[in-house]
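S.K.: Have a look at this one.
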Amino acid sequence: MPLPAGVYRADHVGSFLRPQPILRARETLDTSTPIAAADLRKLENEHITMVVQQQIASGLQSVTDGEFRRAWFHIDFLQHLAGVERHGSLSSTNVTSHGVTPPKLVVVGKLGHPEGIQVEDYNFVEGVRQQDAAAAAADRKVTTKVCIPSPTMVHFRGGREAISTEAYPTLEPFFEDLVKVYQAEIADLYAAGCRFVQLDDTNLAYLCDEGMRSEAAKRHGEDPQKLTKHYASLINAAVSQRPKDMVIGIHLCRGNFRSQWFAEGGYEPVAEVLFKELDVDVYFLEYDDARSGDFSPLRFLPENKTVVLGVMSSKKAELDDKEDIVKRLNEAAKFCPRGLDQLCLSHQCGFSSTMEGNDLSEEQQWAKVKLEVEIAKQVWGEDLSL
């Protein structure tokens, strides 16, 4: 059975370390002399062109803009929705070792989708992809992927308290409007030519952590297992109108801020719902160390789905051990109905889920990517699209 279109044996979650010129420019945004929006866009375009070319030159066949236009993997997208505003920071036990908590999003009015949020950004990357000489010379398939936060990100962290009771006296209309917003965004992306959308979701992974499951039960007044099913239904509704030739992936993450994680626990608490009820084509799963548990939850994986196994680490500067990675891939394959044929390789998360990035250099980042491609070819052969 072929891989879903746009999925490759050596794949990636989406974000890369931000170049210093972009970081310096973004630092001015909260000052009295911020960089002009047009100048920032021009700077981003220059570096996105280079990072797309670097992805292709390193052997990757799925390309993104590196999330260079974002400060956070989720906030920048969700702030574009009508009715959503940023209000301070979350009150959280998950303060980073650097004293940072994520921004708090509040639903202050009816949700709406004023425009195709990612369409212009997709068009730019797709234009670079089409013009890239390395891809054309190698005659390799290369796919432009768009990463957006999962719809669960609007609800899980703030809960009922972060949703206006005036706009939404009950939550059912809120979820209905949230679904419509995502359906509209996916439709706009498809119309622009996009055929691969990845949903980034920390919440289903957080529901694997016993402590966070307890916190979620208190915050939402709902059994964690029911909440898991509710989120699966929410995501399914959000992607339900996608055309047959659009591939949907989901990435589960336990936190990735400057090489720090926030949750631990294997996938067992959510595995059956995740694999049997969630209507996506491919799963990008964090599996870089023991806190992600063993591979036994993969026994629920249906024969027609694919897992991009994040057994390599984007959190550390050191290169992963090639023999160990191959060994872990083979261990995971034992639980999959079709073995290695259902697996691909990636790092557990992006290299820069927030603009600060993980604790490694750009040189180390690309060395890791090249090693990943090398391992994938050793395991699956030269053609990484098969």
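Each value in this text was obtained by applying a stated rule to the coordinates, not by laboratory testing. Since the model is a prediction, treat every value here as computed from it, not as a measurement. Glycine also receives a Cβ, built like all others from the backbone with ideal geometry; neighbour counts cover every protein chain displayed.
S.K.: Run through all the Cα pairs of the chain and give the fraction in each 20 Å bin from 0, expressed as whole percent.
M.R.: 29, 62, 9
S.K.: Contact order normalised by length for the chain, with contacts defined as Cα pairs under 8 Å and 6 or more residues apart; what percent is it? Provide the component values of the computation, followed by the final result.
M.R.: On the way: 723 pairs, mean separation 81.5, N = 386.
In percent, rounded to a whole number, it is 21.
S.K.: Output wanted: per-residue J couplings in Hz (rounded whole) for the stretch 8-23, from phi through Karplus 6.51 cos²θ - 1.76 cosθ + 1.60, θ = phi - 60°, x for Gly and Pro.
M.R.: Here the 3J(HN,Hα) series is 9, 4, 10, 10, 7, 7, x, 9, 10, 4, 6, x, 4, x, 5, 4 Hz.
S.K.: A follow-up question, please. What length, rounded to one decimal in nm, is gained on full extension from Asp383 through to Asp39, with 0.36 nm per residue of separation minus their alpha-carbon distance? Each step should come with its number before you reach the end.
M.R.: Working: separation 344, 0.36 × 344 = 123.84 nm, distance 3.99 nm.
My answer for the length gained is 119.8 nm.
S.K.: Thr354's amide H: which non-local residues (gap 5+, or another chain) put their own amide H closer than 5 Å, with H modeled 1.01 Å from N in plane and none for Pro or chain starts?
M.R.: Result for Thr354 returns Arg258.
S.K.: Okay, moving on. Between Val84 and residues 5 or more places away or on another chain, which pairs have amide H atoms under 5 Å apart, with H built 1.01 Å from N, and which residues are they?
M.R.: So Val84 has HN proximity to Val108.
S.K.: So what J values fall out for the stretch 143-150 if you push phi through Karplus, 6.51 cos²θ - 1.76 cosθ + 1.60 with θ = phi - 60°, rounded to Hz, Gly and Pro as x?
M.R.: 10, 7, 10, 10, 9, 9, x, 4
S.K.: Another question about this same structure. What ³J(HN,Hα) values, in whole Hz, does the Karplus curve 6.51 cos²θ - 1.76 cosθ + 1.60 give for the stretch 102-107 when θ = phi - 60°, with x put for Gly and Pro?
M.R.: With the stated coefficients, the stretch 102-107 comes to x, x, 9, 9, 10, 8 Hz.
S.K.: Using Cα springs under 10 Å in a Gaussian network model of the chain, which residue among Ala167, Ala333, Ala232 shows the largest mean-square fluctuation?
M.R.: Ala167
S.K.: Also: Using the number of other C-beta atoms within 10 angstrom as an exposure proxy, rank Ser361, Ser346, Ser150 with the fewest first.
M.R.: Numbers: Ser361 11, Ser346 31, Ser150 24.
If I rank by nearby Cβ atoms, fewest first, I get Ser361, Ser150, Ser346.
S.K.: State, to one decimal in nm, how far the label point of Lys334 lies from the label point of Asn304, with both points 7 Å from Cα in the Cβ direction.
M.R.: Roughly 2.9 nm, to one decimal.
S.K.: A follow-up question, please. Fewest Cβ neighbours within 10 Å first, please rank Val373, Val106 accordingly. Write out the running numbers ahead of the final one.
M.R.: On the way: Val373 18, Val106 15.
Ranking Val373, Val106 by Cβ neighbours within 10 Å, fewest first, gives Val106, Val373.
S.K.: Across bins of 5 angstrom width beginning at 0, how are the C-alpha pair distances of the stretch 1-75 distributed, in whole percent?
M.R.: The calculated distribution, bin by bin, is 3, 14, 23, 20, 16, 10, 7, 4, 2, 1, 0, 0.
S.K.: Where q = 0.14, 0.26 Å⁻¹, what log10 of I(q)/I(0) comes from the Debye formula for the stretch 288-353, counting one point per Cα?
M.R.: So the normalised log intensities work out to -0.41, -1.20.
S.K.: P(r) for the stretch 184-298: what percent of alpha-carbon pairs falls in each 5 Å bin, starting at zero?
M.R.: 2, 11, 21, 22, 18, 13, 9, 4, 0
S.K.: Taking H as built 1.01 Å from N, whose amide H comes closer than 5 Å to the amide H of Val247, not counting residues under 5 places away?
M.R.: Result for Val247 returns Phe196, Val197.
S.K.: With the crude spin-label approximation of a point 7 Å out along Cα→Cβ, what separation in nm comes out for Lys244 versus Asp223?
M.R.: Modelled inter-label distance: 3.8 nm.
S.K.: Report the calculated FRET efficiency for Ser233 and Lys141 (r = Cβ-Cβ distance, R0 = 41 Å), to the nearest 0.05.
M.R.: Values: r = 33 Å, r/R0 = 0.82.
Using R0 = 41 Å, I get an efficiency of 0.75.
S.K.: Only bridges whose two residues both fall in the chain count here: according to DSSP, what percent of them are antiparallel, nearest 5? Walk me through the numbers before you get to the answer.
M.R.: Numbers: 7 of 34 bridges.
So the antiparallel bridges amount to about 20 percent of the total.
S.K.: Please list, in order, the residues from the stretch 103-128 whose amide nitrogen is less than 16 Å from a point placed 7 Å along the Cα→Cβ vector of Lys180.
M.R.: Under 16 Å, as judged by backbone N against the label point of Lys180, lie 108-116 of the stretch 103-128.
S.K.: Please report Asp321, Asp201 as a ranked list, fewest other C-beta atoms within 10 angstrom at the top and most at the bottom. Let's see the in-between values first.
M.R.: Values: Asp321 12, Asp201 23.
Final ranking by Cβ density, sparse to dense: Asp321, Asp201.
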